[in-house]
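Asker: Please read through the structure below; I'll follow up with questions.
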Amino acid sequence: MAVGDDERETLHVILDALLNARESLERVNVDALPKGQAFNKAWREPRQELTLNGSRFLRRVIGPQLHAAELSQIKDLTQSVGPDNQNLKSLSQALRSFRPLFEPASGNRHTETFVTQMIDDFMGIYWGDAPRFFVELPKRPGQHKRPFRIDRLRLKALDWEKFLAAAGLPAFERQSMIATAYKTQWDAIRKWAKPIEENWGAISWPLTPDEAAEARDRYLEDPARISAEIDRDGREYWAEKSNQT
């Protein structure tokens, strides 16, 4: 499919916007920013948005046909890798195209990145090696075998409470909804926040005004869907707790 004049002009406009956003971020004095929400708003969130928009721009530059062809190896993978590890070979081949995004951006010197190590480990497992990059860390006695996934799903419960509060639900109603989905009393769920922050540095941040408005709109548009999403996260949490996934 040929690149037309209109598409070329549109891509130039998008590129100009990306470069302007980059210029604004490079003027930020990161060391002088206070921690917390101010840091997120001035640095972390705009930086992530620039990277996301840059990725979308690159996808448009590559073109729908070529982009779909390159991603087909990942899209065709099943949700879980079977005992024969056949999918690992396709995944490692597809990841190679995205490796430059993860390479160091300064120093002009190639260094081995974690993506390279992942690719090598995928291929090694495919050919029968024991995992090295993905080797499991030793667990403490009594620790769940997937503590990060457990805490990630617990953090979702805390995020849902903030979402429902922004949507206008009374405290009892929103906390009861989450407690029912997670089959856990709300007083116990509330106490998840501190250990999650201590273990992973993850925090359930308050919603911004824009996020709160979006939460209200989403809930008013389809409350049953929101309830179903909370129930899904609760089921996933208990599947992890029961070692079913």
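The values are calculated or read from the model by the stated rules, or taken from the named source; none is laboratory data. These figures come from a predicted structure and were not determined experimentally. When we count neighbours, we look across all protein chains shown, and the Cβ atoms used for this are built from the backbone with ideal geometry, even at glycine. Heavy atoms of the whole protein, side chains included, go into the accessibility calculation; ligands, DNA and RNA do not. Shrake-Rupley method; radii C 1.70, N 1.55, O 1.52, S 1.80 Å.
Asker: Given K145/K191; K162/K183; K162/K194; K145/K194; K89/K156, which pairs have Cα atoms separated by over 25 Å?
Answerer: Beyond 25 Å between Cα atoms: K89/K156.
Asker: With Cβ to Cβ distances under 11 Å as the rule, what net charge do the other residues near R146 carry (K, R +1; D, E -1)?
Answerer: Within the 11 Å Cβ shell, the charges total +2.
Asker: In whole percent, how big is the carbon plus sulfur part of the accessible area of the chain, probe 1.4 Å, protein atoms only?
Answerer: That share works out to 54 percent.
Asker: Counting only heavy atoms of the protein chains, get the accessible area per residue of the chain (1.4 Å probe) and round it to a whole Å² value.
Answerer: Accessible surface, normalised per residue, equals 70 Å².
Asker: Please express the Cα-Cα pair-distance distribution P(r) of the chain as a list of whole percents, one per 5 Å bin, running from 0 to the bin with the greatest distance.
Answerer: Bin by bin from 0 Å, the calculated values are 1, 5, 8, 10, 12, 14, 16, 15, 11, 5, 2, 0, 0.
Asker: Would you look at the GNM of the chain, springs on alpha carbons closer than 10 Å, and say which of G142, G128, G54 moves the most?
Answerer: Residue with maximal mean-square fluctuation among G142, G128, G54: G142.
Asker: Ignoring everything except DSSP H segments at least 4 long, calculate the 222 nm mean residue ellipticity for the chain; use -39,500 (n - 2.57) per segment, divide by total residues, nearest 500.
Answerer: Helix contribution divided over all residues of the chain: -20000 deg cm²/dmol.
Asker: Could you work out the per residue convex hull volume over the alpha carbons of the range 129-244, in cubic angstrom?
Answerer: Spelled out: Cα convex hull of the range 129-244, divided by residues, is 144 Å³.
Asker: Starting from the Kirkwood Rh over alpha-carbon pairs, what translational D in µm² s⁻¹ does the range 177-236 have by Stokes-Einstein at 20 °C and 1.002 mPa s?
Answerer: 162 µm²/s
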